[in-house]
1. Can you find, within the stretch 94-125, the residue that is nearest to the chain's Cα centre (by Cα) among those that are part of a loop (DSSP other than H, G, I, E, B) and surrounded by fewer than 23 Cβ atoms within 10 Å (Cβ to Cβ)?
2. Which residues, counting only those in the stretch 234-288, are over 36 Å from the mean Cα position of the chain (by Cα) and either part of a loop (DSSP other than H, G, I, E, B) or aliphatic (A, V, I, L, M) (or both)?
3. Are there any pairs with C-beta distances below 9 angstrom linking a residue in the stretch 70-98 that is closer than 15 Å to Ala157 by Cα and modelled with pLDDT of 95 or more to a residue that is of a type in the set (Ser, Thr, Tyr) and not in a helix (DSSP H, G or I), with the two at least 6 apart or on different chains, and if so which?
4. At least 1 residues that are under 20 Å from Lys194 (Cα atoms) in each: list the strands (runs of 3 or more DSSP E) lying fully within the stretch 321-400 that qualify.
5. Going by the structure shown, is Ala172 within 23 Å of Gln49 (Cβ to Cβ), assigned by TED's automatic domain parsing to the domain that holds Ser361 and surrounded by 24 or more Cβ atoms within 10 Å (Cβ to Cβ)?
Amino acid sequence: MNAIVKKAIITILTPLFAITANAGERTLDEVVADQAVLKGLSDIDRTRQATAELLVKIGGIISPSGEEHERAAAVAEEMRKIGLSDVRVNDAPNVIGRIPGRSGKALVFVATLDDLATVAENQRASGTQPFIDGDRVVGPGTNTSLTSVSLLSAAKALVDNGFEPEHDIVFAGVAEEETGLRGMKHLFEEYKDKAIGFVDVLGEGNSISYGALGIHWWKIHAYGPSGHTLNGGTPNLNQGIARAVDRILQIPEPQIYNDRRTRLNVAVLNSGYVFNHKPEQGWFSLDVRSLDLMHIEAMEEKVRKILKDVTWELGIKFEMEVVSNTPPGQIEGALDSSLVQTSRAISNYLGNDPRMSNAGSANLNVSIAGGALSIGIASSRGGRRGYPEEWADIEVMQRTAKNVFLTAVTIGNAVAK
């Protein structure tokens with residue numbers, strides 16, 4: 001065989017090998033013909049009411065970022081009831097349990113333990129637990145917790161039906177997703193050397209992310225002289241803020257690299273409280289995004305230069321405070337990987353036609369930036385998140401559990417004994 005023909009065959013066949021099951025995996029066609037798998041899916045349906053009641057319990061726990069311990073303990077308690085091995089809550093606090101495999105490798109499922117601060121405020125103001133209303137669980141705290149409860153439902157179906165996987169099936173609830181991804185950073189350090197993949201569970205799989213969009217949030221503080229309208233306080237602090245913001249919004253990278261999701265936004269301006277007083281301090285927000293870290297860093301360097309120039313021109317001083325830093329990343333060949341293509345097939349099987357994206361933004365950013373194959377399966381989970389009337393969709397919860405169950409059986413090569 002000559003070299004040109006050999007190269008052509010490799011070019012054609014490599015994508016085909018990438019989207020079929022690797023060694024240590026089961027195909028979806030094989031899995032959905034397995035009576036034990038069908039029984040597991042049926043069990044998820046059969047326990048619908050109990051799972052909804054568990055969402056009432058878990059979602060009702062107040063759990064803003066940095067204060068997840070009580071919710072982590074409750075999830076750990078449920079993991080032990082199910083029969084997961086080595087259940088523990090660490091200092092993050094993350095809660096972790098597993099179904100042991102044989103290979104020494106692990107497939108890691110991730111859900112978020114923490115809520116927005118506004119959700120916690122609404123929970124405290126309500127003073128009551130969530131409740132089941134038809135196909136909904138209604139109440140602050142239910143929307144995010146749908147994912148943790150779906151993991152527990154899938155884990156129970158696997159354990160109750162005696163599935164034994166090739167690779168450890170790890171179920172993790174992680175802390176501080178909303179405020180810096182601290183929990184996921186801990187989890188990644190623990191599993192980065194043994195994970196065959198990370199699955200960030202954000203919903204039933206209407207969309208599947210396989211790459212990560214970088215997002216840096218800054219709070220830019222401004223300081224200047226105060227004074228009354230009639231005297232003092234010049235130059236006006238707001239003149240400095242306005243000049244800086246105007247120049248920042250003219251930074252050209254978002255127009256030049258639009259195809260790389262490169263964006264820059266100033267959304268919040270804050271200074272002053274009374275009509276006749278010139279403020280001595282204020283701040284504005286800065287949201288910087290791109291698929292490429294080099295573009296993020298280039299824009300941030302230009303922002304620093306603008307702030308320095310405005311300080312020299314007006315005397316108004318600025319200070320940049322990091323609010324959050326979500327890293328970008330892309331894994332070569334990820335779209336054609338078995339993990340991504342199997343996830344797409346599972347979503348199709350469950351009735352979805354998922355949107356594929358290389359620009360995810362959640363816990364998976366940490367593992368992708370670290371070089372680990374990862375996906376995020378997402379969807380709407382209900383509605384009115386962050387409002388007193390927040391609710392979670394029970395049917396979405398059920399399909400999310402089935403997606404996790406089928407992913408564990410296929411990619412984890414789990415067989416009922």
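The values are calculated or read from the model by the stated rules, or taken from the named source; none is laboratory data. None of these values were measured; they are calculated from a predicted model. When we count neighbours, we look across all protein chains shown, and the Cβ atoms used for this are built from the backbone with ideal geometry, even at glycine.
1. In the first step, residues of the stretch 94-125 are kept if they are part of a loop (DSSP other than H, G, I, E, B); the result is 94, 100-105, 113-114, 116.
Add one more test, that the residue is surrounded by fewer than 23 Cβ atoms within 10 Å (Cβ to Cβ), and what stays is 100-105, 116.
Working: Pro100: 25, Gly101: 26, Arg102: 29, Ser103: 27, Gly104: 26, Lys105: 23, Leu116: 13 Å.
For the stretch 94-125, the residue satisfying everything is Leu116.
2. Correct list: Thr234, Pro235, Asn236, Leu237, Tyr273, Val274, Phe275, Asn276, Pro279, Glu280.
3. Correct list of pairs: Gly97/Ser85; Arg98/Ser85.
4. Numbers: elements: 355-357, 374-378, 391-393.
In the stretch 321-400, the matching strands (runs of 3 or more DSSP E) lie at 374-378.
5. On the way: within 23 Å of Gln49 (Cβ to Cβ): no; assigned by TED's automatic domain parsing to the domain that holds Ser361: yes; surrounded by 24 or more Cβ atoms within 10 Å (Cβ to Cβ): yes.
No; evaluated as a whole, the condition is false for this residue.
Here is a yes/no grid of residues against (1) modelled with pLDDT of 50 or more; (2) surrounded by 12 or more Cβ atoms within 10 Å (Cβ to Cβ); (3) outside the structural domain of Ser337 (by TED's automatic domain parsing):
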site: Met1; (1), (2), (3): no, no, yes
site: Ile4; (1), (2), (3): no, no, yes
site: Leu13; (1), (2), (3): no, no, no
site: Leu16; (1), (2), (3): no, no, no
site: Gly24; (1), (2), (3): yes, yes, no
site: Leu28; (1), (2), (3): yes, yes, no
site: Val32; (1), (2), (3): yes, yes, no
site: Leu38; (1), (2), (3): yes, yes, no
site: Leu41; (1), (2), (3): yes, yes, no
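Yes/no per residue for (1) in contact with a strand residue (DSSP E or B) (Cβ under 7 Å, 6 or more places away or on another chain); (2) of a type in the set (Asp, Glu); (3) in the same structural domain as Leu55 (by TED's automatic domain parsing):
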residue: Arg71; (1), (2), (3): no, no, yes
residue: Val75; (1), (2), (3): yes, no, yes
residue: Glu78; (1), (2), (3): no, yes, yes
residue: Ile82; (1), (2), (3): no, no, yes
residue: Val87; (1), (2), (3): yes, no, yes
residue: Ile99; (1), (2), (3): yes, no, yes
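One line per residue, one yes/no per condition, for (1) of a type in the set (Val, Ile, Thr); (2) in the same structural domain as Val119 (by TED's automatic domain parsing); (3) at pLDDT 95 or above; (4) surrounded by fewer than 20 Cβ atoms within 10 Å (Cβ to Cβ):
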| residue | (1), (2), (3), (4) |
| --- | --- |
| Ile346 | yes, yes, yes, no |
| Ser361 | no, yes, no, yes |
| Ile377 | yes, yes, yes, no |
| Tyr387 | no, yes, yes, yes |
